[in-house]
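Here is the structure we will look at.
The values are calculated or read from the model by the stated rules, or taken from the named source; none is laboratory data. The shown structure was predicted, so the numbers you read here are calculated from the model rather than taken from an experiment. Cβ atoms come from the backbone with ideal geometry, glycine included; neighbour counts cover every protein chain shown. Calculation scope for accessible area: heavy atoms of the full protein, side chains included, ligands and nucleic acids excluded. Shrake-Rupley method; radii C 1.70, N 1.55, O 1.52, S 1.80 Å.
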Amino acid sequence: MRQWLRGVWDGIYTALVGMNITWRHLFNTNVTLQYPEQKWVLPPKSRMRLFMKYEDCIGCGQCARACPVHCISIKAEKRAAGSPPVWAADGTPIKLDVKVFDIDMSLCCYCNLCTYPCPTNCIYMTPEYEFATTNLNDHFYRFAKPDAVLLTVNPKPPAAPAAPAASAAGAPPAGAPPAPQAPPAAPAGA
Ligand code: SF4
Ligand code: SF4
């Protein structure tokens with residue numbers, strides 16, 4: 001009987017020891033979230049999925065040259081002769097026709113180096129991080145859009161030369177003839 005009671009007590013005691021951490025965490029503040037119902041707020045400048053706004057790409061290839069893992073592929077050629085001039089949203093003229101712009105996000109290491117040299121800021125990291133997939137091909141993004149509508153009016157034309165500013169003191173502008181002087185006052189008693 002004594003042996004049996006000892007066994008029962010050992011069983012209860014070891015269960016309590018095993019549950020020690022569980023009990024302690026039962027009364028602590030949660031440090032995990034019930035994803036996907038709950039989501040963390042991402043810090044600013046988080047590096048997630050890349051995006052490229054095709055309409056603003058001038059096909060310079062600087063992003064592809066900066067990429068350390070060569071996961072950006074670009075093919076661009078001169079725009080057809082006689083085609084109307086087009087511009088990016090920042091006023092940069094687009095002189096190349098970007099036929100292919102692919103990013104293989106399965107190779108990307110999220111270093112962000114491709115975004116810095118872009119002259120039109122059209123390639124950038126988005127806050128989108130929920131793009132896990134079981135098919136590797138789903139991470140191959142094709143951004144070229146043959147039917148893209150490009151700007152045919154320069155959104156930021158060069159500013160017109162400024163008109164010569166008039167002097168605050170009322171002085172005539174440079175090159176103007178001198179103003180006529182008032183006649184001398186007549187002597188008193190004349
Ligand atoms: S984030 Fe880095 S690895 Fe990914 S495409 Fe840009 S340069 Fe390449
Ligand atoms: S650096 Fe920018 S403008 Fe140049 S090819 Fe890349 S995305 Fe296009």
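When Leu107 is evaluated against the numbered criteria (1) within 13 Å of ligand 2 (Cβ to nearest atom); (2) closer than 30 Å to Pro36 by Cβ, which criterion, by number, is the only one it fails?
All conditions pass for Leu107, except number (1).
How about the range 59-116: which of its residues are touching a His at 6+ places or on another chain (Cβ under 8 Å) and hydroxyl-bearing (Ser, Thr, Tyr)?
If the condition is that a residue be touching a His at 6+ places or on another chain (Cβ under 8 Å) and hydroxyl-bearing (Ser, Thr, Tyr), then Ser106 is the only one that fits.
Confirm whether Arg24 is within 16 Å of ligand 1 (Cβ to nearest atom), open to solvent by 80 Å² or more (accessible area, probe 1.4 Å) and either at pLDDT 95 or above or basic (Lys, Arg) (or both).
For Arg24, the condition - within 16 Å of ligand 1 (Cβ to nearest atom), open to solvent by 80 Å² or more (accessible area, probe 1.4 Å) and either at pLDDT 95 or above or basic (Lys, Arg) (or both) - is not met.
Please tell me if Asp102 is charged (D, E, K, R), within 13 Å of ligand 2 (Cβ to nearest atom), at negative phi and not in a strand (DSSP E or B).
Considered against the rule, which asks whether it is charged (D, E, K, R), within 13 Å of ligand 2 (Cβ to nearest atom), at negative phi and not in a strand (DSSP E or B), Asp102 comes out as no.
Could you identify the single residue in Asn112, Asn28 that is over 30 Å from Pro158 (Cα atoms) and touching a residue at least 60 places away in the same chain (Cβ under 8 Å)?
Asn112
Counting just the residues of the range 96-114 that are open to solvent by 50 Å² or more (accessible area, probe 1.4 Å) and of a type in the set (A, V, I, L, M, F, W, C), which one comes out farthest from ligand 1 (Cβ to nearest atom)?
Of everything passing the filter in the range 96-114, Leu96 is farthest from ligand 1 (Cβ to nearest atom).
Have a look at Pro85, Pro117 and point out the one that is touching a residue at least 12 places away in the same chain (Cβ under 8 Å) and open to solvent by less than 70 Å² (accessible area, probe 1.4 Å).
Unique residue meeting the criteria: Pro117.
Which of the following residues is in contact with a helix residue (DSSP H, G or I) (Cβ under 9 Å, 6 or more places away or on another chain) and farther than 17 Å from Arg142 by Cα: Trp9, Trp40, Trp4, Trp23?
The match here is Trp23.
Looking only at the range 63-82, count every residue that is within 16 Å of ligand 1 (Cβ to nearest atom), without any contact (Cβ under 8 Å) to a residue 40 or more places away in the chain and either open to solvent by less than 50 Å² (accessible area, probe 1.4 Å) or assigned to a loop (DSSP other than H, G, I, E, B) (or both) and tell me the total.
Number satisfying all stated conditions: 3.
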